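This report refers to the structure that appears directly beneath it.
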Amino acid sequence: MGHEFIGKSFERVDGYAKVTGSAKYIADLKLPRTLHAQVLRPEHAHATIKGIDPSQAEKSDGVLSVVTGRDCGIFFGARGFLDQNPIAVHKVRHAGEPVAVVIADTLGNAKKAVRKIQVDYQPLPVLLDPVEAAQNREVLIHEDLISYKHLPSYFPVPGTNIFHRYRLRKGNIKQGLKQARAMVEAEFDFSLSAHSALEPHGVICRWEGKDRVEIWSSTQAPFVLQQVVADMFGIPHSHVRVRVPYLGGGFGGKSDVTIEPMIAYAARSVPGYSVRYVCTRKEVMTSTVLGRGMKAKAKLGAKKDGTFTAFEAELFFSDGAFGDTAANIVTVAGHNCVGPYAIEHCHVDSYGVYTNTPPVGAYRGYGHPEACFISERLVDMMARKLSMSPFELRRKNFLREGRKNSLGETIRDHNGNLFQCLEHVEKEIFAAPGPEKDERYLYGRGVASMMKSPKGAPNASSCCQIKFCADGSAEVNLGGIEMGQGAQQAMRQIAAEALNIHPDRISVYREVDTQHSPWEWQTVASMFTYRGGNAIIKTAARAIEILKENASIVLRVSPDAVEYSGDAVYVKTDPDRKIAVKDLARGYMFENGLTVGDVAEATAGDRLPGYTDPDPKFGMGRAGGTWTFGCQGCELRVDKKSGEVIIDRFVSSFDVGKVISPKMIRGQIAGGVVMGIGQTLMEKIEFTKDGKLANATWGKYKMPRIGDVPGRHKVYCVETPEVRGPYGARCIAEHPMVAVTPAILNALQDALGHDFFHVPVTAGEIQKVLGGDG
C-alpha cells in the first residue's frame, strides 16, 4: 500500500529555529532571581574525606550557600541500582566527583569561592583496569556494595568490585567445543571514550519551599529525572516538574541522571532562587558519564564446513565509580556478543566492574559496538582459518526464519533480511579485485555484520496526545526529546499519514514538560520512532473515532456507516452527505447553539509486548523484543610512511523496515559511521596513573574532522516491513555505529596482514607494525 507522507523528505519542523539561532537551549534560558553554582572536585581519584572546612568560602563575596555531603544519607539511581550520593559523603571514588557546591550571586563569585574550600584527604589505592579491579578483594571502591538497594535483575558479587554479573548459558558449551574442528580466540580491549555532544550538560533548579521543585535540564529522560529527584527527597512525583528545551546533541550521554541530583540537593538550601549550573567541556568529560570501556576474551568454534558450534566469552566492563548507569550495558553486551548468528552452544559471563574513573553510561549503541567488535573479528579470523569466503561463512550461520538467537528467541522473516544487506556490501566493495599495493599505500577491504535490540525497562512506553483544532488542523504532543536526530519531524510525518492531513497543518510539540507532556520513559534505545510512531497511530485512530461519533449523531446514521477523509466525515453510501472536520472538532454546534458530541482529543501509548528481563539462571528470554540487522564494509588504504588510514569507500546496508524520511535516515547513518571511525582510529580517554583525566579538552581529545569522512559512502535501506512497527518501520539510530569498528579492523588485517584486537588503532601503532615492531 502506498503512503502519502511516509518515505518522503520534508523541511524539518525544527530547522528554522536552529538555523536562525532562535531555538532555546539551557544556556539561553534567563529566569528571575538566578544564582550560579560551581562545584569543587577532589584532588584524588580515590580517597577518604577526613574533613571539610567551607568557612572561608562562606565568607566570600556574593556567596549565599556552601553545600557539602556531610550527613547526607541520600542514595539515588535512575536504572534501579542505588549506589550514588548527590555529593560525596565519606570518600571520593573518582577525580570528577562533587565534594562541595558553592551557590553565589554571580558565576565569577562562585568560582572564586569554590577555591577557598579546604578538604583533608587520605589517599587510597587507585584501580583503573577492570580485570584487575574485578580480581582485587583488598581494595574495595564500595565497601557497602551488598547493602545497596537494587532491582532483582541486577546481581552484585559481595566482597568484590563487581556490581553486576550477567551470565548466558545456552546449550552445552563443553559439547559445542568438542564438536568444533576449528577454533579461534582472542583478547579484546575497547577504550573509554567521550560522547562529545555539542551542547554541554546544564541544569537550572528552583525550589518552592521544601516539597516542590522545578527543574530545567538538558536531559533525554525528563520523567526518569522527575522520579529520581522525587524519590531522593520523599516527595510526590507530581511535585517535581521537569522541562526540557531543545537539546544540542545527546548520543546517550544525557539519558543518564548525572548533575541534576547534585544541584537539586544544593539548591534546596536557597528556596525561591533559580540555581543555574552549566558544565565546562572538561566537566562534561570528568563529571557526567563516559562511554564504552571493556576488556574481553572470547573464542569461536566451528565444524570443517563452517557451521558454528560454540561461542564462549568473558567480558569485563570498566564502568567507573558508580554502577547504576552501566548495569544494563553489561547485560545487553553479554547476550549480543554472540553476533547475528545461530550458535547452539553459548557460554558468556559479563561483568560490570567498579573502577576509579568517571561513571560509564549510555553511549550510541549501548554495549552493541563492544559486542560486535568481538564477534565480527572472530568470524573474520575463522574465515581465514577455514579458507572460506567471509561472505560464505556469514551466510551459512546467519539468523533467519526459524533459527534461534542467543536469547532463545525464534527469528522470523519480518525481523529483517541480513542476506540482502550482506549482498549490498559484497557488490559495492568486493565485486571487483581490490587495488594492488604501490610504493606509498597498502590497500585493504573488510566487512562486518550486526544486530541490535533495544534495552530498557520492560514497562518502557511512549505516549501521545492529539487534539483537533477548530479549523481542522491538529496538534500532536509526545514526550520524546528532540536532540538533533529529527524526532519531531518523524512524528509529524507519521501523524500526517495517520490523520490524512498534510504535515503543514500539523503542529508538533517543541519542548517537553512533565506537567503537560504525555509520559515517555526515556528517549533512548533508538525506540522513539518505533514506539512513538505506534502511539501516534493508535491515538489518531481514537481521535478519528470521536469525529465519526460526532458526525453520526448529526447525520443520523451509525458510526460504522461513516468514513473519515482528513477534511470531512461522510456517509459511505452517499459521499455527498458530509460534515467538515472543523465543524466536528469541538463537538457539532447547531444554529441555535445546541452542541452534541465530544471534543476530538485523544491519548494512547505503546510498549513492546511481552518484553522481559533475561532469566537469571540462563540469561535467556524475550529480552530482545525487536531487532534491526545490517552489514557494513569499507575499502581503505594505509600510508606506509605515516601509518595514516584513509577510508576511500564505505557502504552501509540496514533493514530499516520502512524509511520515514530518506534525507533524515541517510543523515543518521552517515553520522553514525563518522562516529564509529572516531572510536576505531583516534578516540580514547587517557588517565594518569593516579586516575586523573589527561585529555579532558577538545584540544587534546582527538575526534574525527571533515578530512576523516569516507571518500564515498553508499547507503542502502532494505525495507522488510516490521510486523508491528509504524508503517513497517523499525529502529535505526544507534545502529550505524555498531559494526564500523570490526569492518575497519578487518580491512586493516587485509591490508597489513596483522590483527588488531584493541581500539583505537592509531597511526603510530600501525607504523610499528609496518616497521616490524608489532
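Give just the number: which of (1) open to solvent by less than 10 Å² (accessible area, probe 1.4 Å); (2) in contact with a Phe, Trp or Tyr (Cβ under 9 Å, 6 or more places away or on another chain); (3) within 21 Å of Gly624 (Cβ to Cβ); (4) in a helix (DSSP H, G or I) does Arg377 not satisfy?
The number of the failed condition is (3).
Which one is nearest to Gly630 (Cα to Cα) among residues in the stretch 317-339 that are of a type outside the set (S, T, N, Q) and in contact with a Cys (Cβ under 9 Å, 6 or more places away or on another chain)? Outline the logic, then answer.
The initial filter retains those residues of the stretch 317-339 that are of a type outside the set (S, T, N, Q), namely 317, 319-324, 326-327, 329-330, 332-335, 337-339.
Subsequent filtering for residues that are in contact with a Cys (Cβ under 9 Å, 6 or more places away or on another chain) retains 335, 337-339.
Details: His335: 18, Cys337: 15, Val338: 15, Gly339: 11 Å.
Across the stretch 317-339, the extreme among qualifying residues is Gly339.
His516 fails exactly one of the following numbered conditions: (1) touching a residue at least 60 places away in the same chain (Cβ under 8 Å); (2) under 25 Å from Phe223 (Cα atoms). What is the number of that condition?
Looking at each condition in turn, His516 falls short on (1).
Can you give me the number of residues within the stretch 713-770 that are over 30 Å from Arg412 (Cα atoms), open to solvent by less than 10 Å² (accessible area, probe 1.4 Å) and out of contact with any helix residue (DSSP H, G or I) (no Cβ under 8 Å at 6 or more places or on another chain)?
The qualifying residues number 1.
Quick one: in the stretch 752-774, which of the residues that are in contact (Cβ under 8 Å) with a residue 60 or more places away in the chain and not in a helix (DSSP H, G or I) is farthest from Ala296 (Cα to Cα)?
So the residue we want is Thr762.
Limited to the stretch 281-318, what total is found for residues that are buried (at least 24 other Cβ atoms within 10 Å of the Cβ), out of contact with any strand residue (DSSP E or B) (no Cβ under 8 Å at 6 or more places or on another chain) and of a type in the set (Gly, Ala, Ser)?
So the count comes out to 0.
Failed condition for Gln56, given (1) touching an Asp or Glu at 6+ places or on another chain (Cβ under 9 Å); (2) farther than 30 Å from Leu198 by Cβ; (3) in a helix (DSSP H, G or I), with all others met?
Condition (1) is where Gln56 drops out.
Scan the stretch 266-323 residue by residue and report those that are closer than 28 Å to Pro390 by Cβ and among the β-branched types (Val, Ile, Thr).
Once the filter is applied, which keeps residues that are closer than 28 Å to Pro390 by Cβ and among the β-branched types (Val, Ile, Thr), the stretch 266-323 yields Thr307, Thr309.
Which residue, of Ser507, Ser517, Ser526, is surrounded by fewer than 24 Cβ atoms within 10 Å (Cβ to Cβ) and either among the β-branched types (Val, Ile, Thr) or in a strand (DSSP E or B) (or both)?
Values: Ser517 fails: either among the β-branched types (Val, Ile, Thr) or in a strand (DSSP E or B) (or both); Ser526 fails: either among the β-branched types (Val, Ile, Thr) or in a strand (DSSP E or B) (or both).
Result of the check over Ser507, Ser517, Ser526: Ser507.
Could you list, in sequence order, all residues of the stretch 659-677 that are surrounded by fewer than 20 Cβ atoms within 10 Å (Cβ to Cβ) and not hydrophobic (A, V, I, L, M, F, W, C)?
Passing the criteria: Pro662, Lys663, Arg666, Gly667, Gly671.
Only one residue in Ile263, Ile215, Ile259 is touching a Cys at 6+ places or on another chain (Cβ under 6 Å), without any contact (Cβ under 8 Å) to a residue 60 or more places away in the chain and either within 30 Å of Ser375 (Cβ to Cβ) or open to solvent by less than 10 Å² (accessible area, probe 1.4 Å) (or both), so which one is that?
Ile215
Please list, ordered by residue number, the helices (runs of 4 or more DSSP H) wholly in the stretch 166-281 having 1 or more residues that are at pLDDT 95 or above and within 30 Å of Leu407 (Cα to Cα). Give the derivation first.
Values: elements: 173-179, 222-233, 260-267.
Once the helices (runs of 4 or more DSSP H) in the stretch 166-281 are filtered for at least 1 residues that are at pLDDT 95 or above and within 30 Å of Leu407 (Cα to Cα), what remains is 173-179, 222-233.
When residues of the stretch 679-697 are filtered for being more than 22 Å from Ala133 (Cβ to Cβ) and crowded, with 19+ Cβ neighbours inside 10 Å, how many remain?
Applying the first criterion (more than 22 Å from Ala133 (Cβ to Cβ)) to the stretch 679-697 yields 679-683, 697.
From what is left, the residues that are crowded, with 19+ Cβ neighbours inside 10 Å are 679-683.
Count: 5.
Out of everything in the stretch 44-92 that is acidic (Asp, Glu) and more than 36 Å from the chain's Cα centre (by Cα), what residue ends up being farthest from Val257 (Cα to Cα)? Break it down stepwise before answering.
First pass over the stretch 44-92, keeping only residues acidic (Asp, Glu): 53, 58, 61, 71, 83.
Imposing the further condition that a residue be more than 36 Å from the chain's Cα centre (by Cα) reduces the set to 53, 58, 61.
Details: Asp53: 28, Glu58: 28, Asp61: 31 Å.
For the stretch 44-92, the residue satisfying everything is Asp61.
Filter the strands (runs of 3 or more DSSP E) completely within the stretch 550-634 down to those with at least 2 residues that are open to solvent by 60 Å² or more (accessible area, probe 1.4 Å) and of a type outside the set (Val, Ile, Thr).
Filter on the stretch 550-634 gives 574-580.
Looking only at the stretch 445-462, which residues are surrounded by fewer than 24 Cβ atoms within 10 Å (Cβ to Cβ) and in a strand (DSSP E or B)?
At the first step, the residues of the stretch 445-462 found to be surrounded by fewer than 24 Cβ atoms within 10 Å (Cβ to Cβ) are 445, 453-454, 456-461.
Within the stretch 445-462, just Arg445 meets the criteria.
What are the pairs, 6+ residues apart or on separate chains, where a residue within the stretch 453-468 that is under 13 Å from Leu151 (Cβ atoms) has its Cβ under 7 Å from a residue that is open to solvent by 10 Å² or more (accessible area, probe 1.4 Å)?
Pairs found: Gly456/Trp521; Gly456/Val524; Gly456/Ala525; Ala457/Trp521; Pro458/Tyr611; Pro458/Thr612; Pro458/Asp613; Asn459/Arg607.
The values are calculated or read from the model by the stated rules, or taken from the named source; none is laboratory data. These numbers were taken from a predicted model, which means no experiment stands behind them. Please note: Cβ atoms are built from the backbone with ideal geometry, for glycine as well, and neighbour counts cover all protein chains shown. Each accessible area value is taken on the protein alone, full model and side chains, heavy atoms only, with ligands, DNA and RNA left out. Shrake-Rupley method; radii C 1.70, N 1.55, O 1.52, S 1.80 Å.
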